[in-house]
1. Considering only DSSP states other than H, G, I, E and B, which trypsin sites (Lys or Arg not before Pro) in region 136-181 qualify as loop sites with at most 14 other Cβ atoms within 10 Å?
2. Could you give the size of the charge dipole of region 52-208 about its Cα centre, using +1 on the Cβ of each K and R and -1 on the Cβ of each D and E, expressed in debye and rounded to the nearest 20?
3. Using the Karplus curve 6.51 cos²θ - 1.76 cosθ + 1.60 with θ = phi - 60°, work out ³J(HN,Hα) for each residue of region 119-132 in order, rounded to whole Hz, and write x for Gly and Pro.
4. Can you list the HN-Hα couplings for region 78-95, worked out from phi with the Karplus curve (6.51, -1.76, 1.60; θ = phi - 60°), rounded to whole Hz and with x for Gly and Pro?
5. With a 1.4 Å probe and every protein chain kept in, tell me what percent of the accessible surface of region 53-208 is carbon plus sulfur.
6. Convert each backbone phi in region 52-60 into a coupling constant with the Karplus relation 6.51 cos²θ - 1.76 cosθ + 1.60 (shift: θ = phi - 60°), then list the ³J(HN,Hα) values in order as whole Hz, x for Gly and Pro.
7. How about region 123-208: which GluC sites (Glu not before Pro) there lie in a loop by DSSP and see at most 11 other Cβ atoms within 10 Å?
8. Express the accessible area of region 58-208 per residue in Å², computed with a 1.4 Å probe while the remaining protein chains stay in the model.
Amino acid sequence: MSSNGPSAPRFRRPAPLYASVAETIPGAPDPAASADLAHDSARALLDGVFQSSDPAVVERVVALAAEDGLTDLSALWSGAPASTLPGALWRLYVLHTWVQHVGEEVVLRYRAGSRTVPGLRYLSGFAEPPDVQQVQRTMDDILRGAFTGDLGLALRRAGAVATIIAHGTAHLADEDRDDARTRQAERLLRTGEELSAAGRYAEADQLD
């Protein structure tokens, strides 16, 4: 990662944000069949919402992870690469759910990171300075936009959010000498990179 100055944090290439928590059916499923199911389910969800004129359908999909948890989505999508539609949507839902659950911590980390990567602040859409309710509403808007508007832009916005928060987490970890936060920064940075790349793929109509 390029540095924005002598005080910019450096961290290793990180692991994925979350390990798979899927509980699969007994036996070893055919990887090709599992990949097809992941893609088909993600495409059906995206197309179904995009073609619907019912606002309740949109809100149901935005609240999908909050109401049903991430387990069902994980079983379908968590193993998919970030360069695919199910993989990109999985990472978007995980980030959205995390922000909704720890809004105050997100605000703290965002404020610490926004001065390091100021160019991403506009793309994220967060107010300056953000508060918990505004951050959570903005993440709702980003997730909603993935299904009703511009998928590529929504993914790039989510990538900007994760990247800013990653930098803020690294700053706080450096101040507190907190190894756990350093690892979180690495995972968040990887997620930001993956979401941003997925957004570019979507804009080029290359998101598998």
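The values are calculated or read from the model by the stated rules, or taken from the named source; none is laboratory data. Owing to the predicted nature of the structure, the values given are computational and were not obtained by experimental measurement. Every residue, glycine among them, receives a Cβ derived from its backbone with ideal geometry; neighbour counts consider all protein chains shown. These accessible areas exclude ligands, DNA and RNA; they are computed on the full protein's heavy atoms, side chains included. Shrake-Rupley method; radii C 1.70, N 1.55, O 1.52, S 1.80 Å.
1. On the way: sites: Arg137, Arg144, Arg156, Arg157, Arg177, Arg181; in loops: Arg177.
Loop-located and lightly packed - Arg177.
2. Values: 16 positive and 23 negative charges, 72 e Å.
It works out to roughly 340 debye.
3. With coefficients 6.51, -1.76 and 1.60, one gets x, 8, 5, 5, 5, 5, x, 6, 5, 10, x, x, 10, 4 Hz.
4. 5, x, 7, x, 5, 7, 10, 4, x, x, 5, 5, 4, 5, 5, 5, 5, 4
5. Working: 3180 of 6710 Å².
With neighbouring chains kept in place, the figure for region 53-208 is 47 percent.
6. Karplus-based 3J(HN,Hα) across region 52-60 equals 8, 9, 8, x, 5, 5, 4, 5, 5 Hz.
7. Values: sites: Glu175, Glu186, Glu193, Glu194, Glu203; in loops: none.
Sites meeting the loop and neighbour criteria: none at all.
8. Values: 6310 Å² over 151 residues.
Spelled out: the 1.4 Å probe surface of region 58-208, per residue, equals 42 Å².
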